[in-house]
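Asker: Dropping a structure here in structure tokens format, bear with me for questions.
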Amino acid sequence: VRAVARFRVLVKNRHLVLRASAPREVAGVLNLRATLTDGRARKVLLFLDGKRIDHDTSRPFAFSWNSLRAANGRHVLEVRATDRFGRTASKRLAFTVVNPAIVSQAVADGVWTVETGGRVERLELLVDGQPLTTLTAAPFAVPLEGLAPGEHTLTARAFGPNGSVAEASLALTI
């Protein structure tokens, strides 16, 4: 007696598809989610300018990246997923970091001038820790009147999108 075994093999060689997106400009914290279709990922890696900065091994594959850790300018985040069969998919996301920055500040002829960089929504100016004024548009300049003789600390605080803040102080002697 001869036995014949019959069976059917179904091979699914579907590609791993990864979806992720980022805005063109980033300030503060960027929340990023990697969505995968046609496969079950074991891990998702996050790279900034080619350097691995984070990973996630369970759904939902979500990352929270603080752009204050990078210099203002062009950057690339890459999200790379690997499934249980070793297949990989990646998505590169190019963007520009535009965190607020205090570039320079000076006092000349009784006027305090602050130069900023990145995206600044408002600038708070403090004298010896006390609010002097808030400005919402450049040029950022304000007269310093009525300061008593002695040492003073001038602090410029720039606020950008998503809660990003930059601060710098300047010592002034009158």
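Asker: Does Arg80 satisfy being over 23 Å from the mean Cα position of the chain (by Cα) and closer than 30 Å to Ala20 by Cβ?
Answerer: No.
Asker: Also: In contact with a strand residue (DSSP E or B) (Cβ under 6 Å, 6 or more places away or on another chain), modelled with pLDDT of 95 or more and open to solvent by 70 Å² or more (accessible area, probe 1.4 Å): is that true of Asp49 in this structure?
Answerer: Answer is yes for this residue.
Asker: Related question: Return yes when Asn162 is in contact with a Lys or Arg (Cβ under 8 Å, 6 or more places away or on another chain) and polar (S, T, N, Q) and no when it is not.
Answerer: Here the answer is no, as Asn162 does not meet what is asked.
Yes/no per residue for (1) open to solvent by 50 Å² or more (accessible area, probe 1.4 Å); (2) touching a residue at least 40 places away in the same chain (Cβ under 8 Å); (3) in contact with an Asp or Glu (Cβ under 7 Å, 6 or more places away or on another chain):
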position: Asp56; (1), (2), (3): no, no, no
position: Phe61; (1), (2), (3): no, no, no
position: Asn72; (1), (2), (3): yes, yes, no
position: Val76; (1), (2), (3): no, no, yes
position: Asp83; (1), (2), (3): no, yes, no
position: Ala108; (1), (2), (3): yes, no, no
position: Val114; (1), (2), (3): no, yes, no
position: Leu126; (1), (2), (3): no, no, no
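Asker: If I ask for residues that are at positive phi and free of Cβ contacts under 8 Å to residues at least 24 places away in the same chain, which ones from region 135-159 would you list?
Answerer: Gly146 - this is the single residue of region 135-159 that is at positive phi and free of Cβ contacts under 8 Å to residues at least 24 places away in the same chain.
Asker: Related question: For region 160-168, indicate whether the set of residues that are surrounded by fewer than 16 Cβ atoms within 10 Å (Cβ to Cβ), of a type in the set (D, E, K, R), touching a residue at least 40 places away in the same chain (Cβ under 8 Å) and part of a strand (DSSP E or B) is non-empty.
Answerer: yes
Asker: Among the strands (runs of 3 or more DSSP E) contained in region 44-128, which hold 2 or more residues that are farther than 13 Å from Ala158 by Cα?
Answerer: Counting at least 2 such residues, we get 51-56, 61-66, 73-83, 88-97, 101-108, 111-117.
Asker: Leu36 fails exactly one of the following numbered conditions: (1) at pLDDT below 85; (2) of a type in the set (A, V, I, L, M, F, W, C); (3) open to solvent by 50 Å² or more (accessible area, probe 1.4 Å). What is the number of that condition?
Answerer: Of everything listed in (1) at pLDDT below 85; (2) of a type in the set (A, V, I, L, M, F, W, C); (3) open to solvent by 50 Å² or more (accessible area, probe 1.4 Å), Leu36 misses just condition (3).
Asker: Moving on to the next point. So which of Leu93, Leu68 is in contact (Cβ under 8 Å) with a residue 60 or more places away in the chain, open to solvent by 70 Å² or more (accessible area, probe 1.4 Å) and out of contact with any Asp or Glu (no Cβ under 6 Å at 6 or more places or on another chain)?
Answerer: Just one listed residue meets the conditions, Leu68.
Asker: If you scan region 139-153, which residues turn out to be open to solvent by 80 Å² or more (accessible area, probe 1.4 Å) and assigned to a loop (DSSP other than H, G, I, E, B)?
Answerer: Pro139, Glu145, Gly146, Pro149
The values are calculated or read from the model by the stated rules, or taken from the named source; none is laboratory data. Given the structure is predicted, the values throughout are model-derived calculations rather than measurements. Cβ atoms come from the backbone with ideal geometry, glycine included; neighbour counts cover every protein chain shown. The protein model used for the area step is the full one, side chains on, heavy atoms only, and it has no ligands, DNA or RNA in it. Shrake-Rupley method; radii C 1.70, N 1.55, O 1.52, S 1.80 Å.
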